[in-house]
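Taken together, the values in this text are just the output of simple stated rules run on the coordinates, not laboratory data. Note that the structure is a prediction, hence the values are computed from the model and not measured. Backbone-built Cβ (ideal geometry, glycine too); neighbour counts: all protein chains shown.
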Amino acid sequence: MADLSELLALGIADARDGLRARRFTARELTSAYLAAMDEARALNLYITETPERALADADLADARLQAGHAEAMTGMPIALKDLFCTEGVRTTAASRILGDFMPPYESTVSGKLRAAGAVLLGKANQDEFAMGSSNITSAFGPSINPWRVTGAGVGEALTPGGSSGGSAAAVAAGAAIAATGTDTGGSIRQPAAYCGVVGLKPTYGRCSRWGVIAFASSLDQPGPIARSVEDAAIMLGAMAGHDPKDSTSAAQPVPDFEAALQGGVKGMCVGVPKDYRVDPMPPDVEAAWARGVEMAKAAGAEIVEVSLPMTKPALPTYYIVALAEASANLARYDGVRYGARQEGADLAEMYAATRAEGFGAEVRRRILIGTYVLSAGYYDAYYKKAQRVRALIAQDFSTAFQSVDVLLTPTAPGPAFGLNEKTEDPVAMYLNDVFTVPASLAGLPAMSVPIGLTASGLPLGLQVIGRPFDEASVLRLGRAIEDAAGFDRSPRLLAGGV
Ligand code: GLN
C-alpha cells in the first residue's frame, strides 16, 4: 500500500492505473481522501460529507476491480456540487430554503458518474443557487481558497471563486480527486482559474441538466473540475451523453475525449480576440495571456487576431437573461411544494415569509431584477433586447469560427480576491464574469487551464473556447498549454495549514 501523500498526489489517470495494477485499493484511496477532508475542514469545502457512503462505494469499486471490471471512474473519490440532486443525500443548493431537502431522485449526471464507478465523498459548497462569483452567498458560509498570497505572514483568506467554489477548492486542496461543477456564466471556469485547477464547461446540451437544481435553464451546464486536462477529459466522458429526460440535451455521440487529447495542436488555428480586455488590463493577466499565445505557437498552432465586437454588451445581456430565467425558476420555492416554510396569516403572507426567510440577499436581489425585466412595459426594453443581443453574440462567434478553430483568452480579469472584497458592491462582483459570459450566452464549450502565478503567487487561468460540440479541440489546446506551463500545484497539499 502506498502512503497517504503518494495516494493524494495521483490524478484520475494515474489512480486508475494504480487501482487496476492492484498497487492499492479503492478503500485505501478513499480513506486517504477522507483523511484529507478532515485536514482541510477549516476551508469549509463541503456542505455535507458522506464518509459512510464513500466507503461503501469504494468497497463496491474494489469488488468490481477484483472481478476485472473497471469503468472510467471506478474507485475515484469525487465531490458533487450541492446543486446535483442525490437520492437520499441532502441537497441544499447552499440555500436555507432547501436546508433539509432530501431528493427522492438522482440527477442524470451524478447517476452516470455513480454508474461509472465514482465514489461520493460529499456535496461541495457553492454560492446559493449558483448565484455568485465568490462563494460568499452560501447559506453555509463560504469555502476558502487553499492558495494564499506569498510573502510576509499568512495573508488574508481568499475566495475560491464561484459559484462552484467548494468544488474547485476541494480539488485544489486535495480533498477530492475531481469534482462536478455547473456553469451558467463562468461558475466552473472562474473558480478553476482562482484555485489553479482545470474546469471545463461543455457545450450547452452536452451534459444533462436533469436533476440539477435550475438557475438559468438556457445557460446552465454541468461539467468537470479536475487537476489536469486529461482528468477533465476522462470525467467529461463519464458525465456526457444524450438524456431523454432533458429536452435540451443534445442527441450527439460522445467522442472518446481521452483519445482526442493525443491529437496535439499542429496546424490548429487559434484566435486571439482583441476585445477581451478590461480597462486597465492587469499586467499579470496580460503577461499570462501573451505567454499562453507563445506556448500555443511553440506547440505548432497558428495564431490569428480576431475581433468579437459584441463582447462588451455580453455582461449586461447575461445579467438580464440569467436573472429573468432565475426569477421564473425560483418561483417554485413557495413553501408548498419544496423546502422550508414560514407560516403566515394567509397564503400570501406565508409565501412572502417563506421566501424572505429562505432566500439570501443576492438571490432576492436577482429575483427582483429578473421579475422587473420580465414585467409588462419593461419586457421589450430589457428582456427582448437582451435576447436580440444574445443572438448577435452567438453570430460573432460563428463568424470567428469560420477562420479559427478555437479562441484563447484570459479566464478572469484577475486572480482570487479577498473573501470580503466586493461584497458591498454587486456590480463589482458581476464584472468578474466579463470574459466567461460570452461563451455561456453562445452555448459554446470553454475550459480554464492554469497558466502560472501572479507576482504575489496566486494562480491565473487561460480560457480556451471552441466550436459547438468540439470539446476535443478545446482539450487539445488546453493540454498543450498545460504541458508548456508546467504549473506547480503544490499548495494543494498545504490545506491543513489554514
Ligand atoms: N458569476 C456568475 C453569476 O453570478 C455566474 C454564475 C454561474 O455560472 N452559475 O451569475
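As an exercise, identify the trypsin sites (Lys or Arg not before Pro) in the range 142-235 lying in DSSP coil whose Cβ has no more than 14 other Cβ atoms within 10 Å. Could you put the intermediate results ahead of the total?
Values: sites: ARG148, ARG189, ARG206, ARG209, ARG227; in loops: ARG148, ARG206, ARG209, ARG227.
Answer by residue number: there is no such site.
What is the sum of charges around SER134, taking Lys and Arg as +1, Asp and Glu as -1, for the other residues whose C-beta is under 9 Å from the C-beta of SER134?
Local net charge: -1.
Under the definition of Cα pairs under 8 Å and six or more residues apart, what whole-number percent is the relative contact order of the range 84-147?
29
Sorted from fewest to most neighbouring beta carbons within 10 Å, what does the list HIS242, HIS69 look like?
The most exposed by this proxy come first: HIS69, HIS242.
Using DSSP, restrict attention to beta bridges with both residues in the range 66-184 and report what percent are antiparallel, rounded to the nearest 5.
Details: 1 of 8 bridges.
Taking every DSSP beta bridge with both residues in the range 66-184, the antiparallel ones total about 10 percent.
If you place +1 on the Cβ of every Lys and Arg and -1 on the Cβ of every Asp and Glu, how big does the dipole about the Cα centre of the chain come out, in debye to the nearest 20?
Details: 44 positive and 54 negative charges, 128 e Å.
Here the size comes out at about 620 debye.
How much net charge surrounds ALA299 when only other residues with a Cβ under 14 Å from its Cβ are counted (Lys, Arg +1; Asp, Glu -1)? Spell out each step's value before the answer.
Values: positive: LYS266, ARG291, LYS297, ARG476, ARG479; negative: GLU294, GLU302, ASP405, GLU482, ASP483.
Around ALA299, the surrounding residues sum to 0.
Return VAL119, VAL285, VAL171 ranked ascending by Cβ neighbour count within 10 Å, so the fewest neighbours appear first.
By the 10 Å Cβ count, ascending: VAL285, VAL119, VAL171.
What nm distance separates the two modelled labels at GLU71 and ALA290, each placed 7 Å from Cα along Cα→Cβ?
Here the modelled spin labels are 4.8 nm apart.
I'd like the trypsin sites (Lys or Arg not before Pro) in the range 269-356 restricted to DSSP loop residues with at most 15 other Cβ atoms within 10 Å, sorted by number.
Here the sparse-neighbourhood loop sites are LYS274, ARG337.
Could you pull out the longest piece of the chain with no exposed loop GluC sites (Glu not before Pro) in it, calling a site exposed if DSSP puts it outside H, G, I, E, B and it has at most 14 other Cβ atoms within 10 Å?
Of all site-free stretches, the longest is 157-342.
Count the DSSP beta bridges whose two residues both fall in the range 360-493, then state the antiparallel fraction as a percent rounded to the nearest 5.
The antiparallel proportion sits near 100 percent.
Sorted by mean Cβ packing within 10 Å, highest first, what order do the peptides 383-389, 32-38 take?
In decreasing order of mean packing, 383-389, 32-38 become 32-38, 383-389.
Within the range 5-111, report the trypsin sites (Lys or Arg not before Pro) that DSSP leaves as loop and that have at most 11 other Cβ atoms within 10 Å.
When the trypsin sites (Lys or Arg not before Pro) of the range 5-111 are filtered for loop state and at most 11 Cβ neighbours within 10 Å, ARG22 remain.
In whole percent, what relative contact order does the chain give with Cα contacts below 8 Å and a gap of six or more residues?
18
In the neighborhood of ASN329, defined by Cβ-to-Cβ distances under 14 Å, what is the net charge if each Lys or Arg adds +1 and each Asp or Glu adds -1?
Numbers: positive: ARG209, ARG332, ARG337, ARG355, ARG366; negative: GLU128, ASP220, GLU325, ASP334.
Summing Lys/Arg as +1 and Asp/Glu as -1 gives +1.
Relative contact order (percent) for the range 86-201, with alpha-carbon contacts under 8 angstrom and 6 or more residues of separation?
For the range 86-201, the relative contact order is 19 percent.
I need ILE12, ILE177 ordered by Cβ neighbour count within 10 Å, fewest first.
Placing the least packed residue first, the sequence is ILE12, ILE177.
For the chain, what is the percent of antiparallel DSSP beta bridges, rounded to the nearest 5?
65
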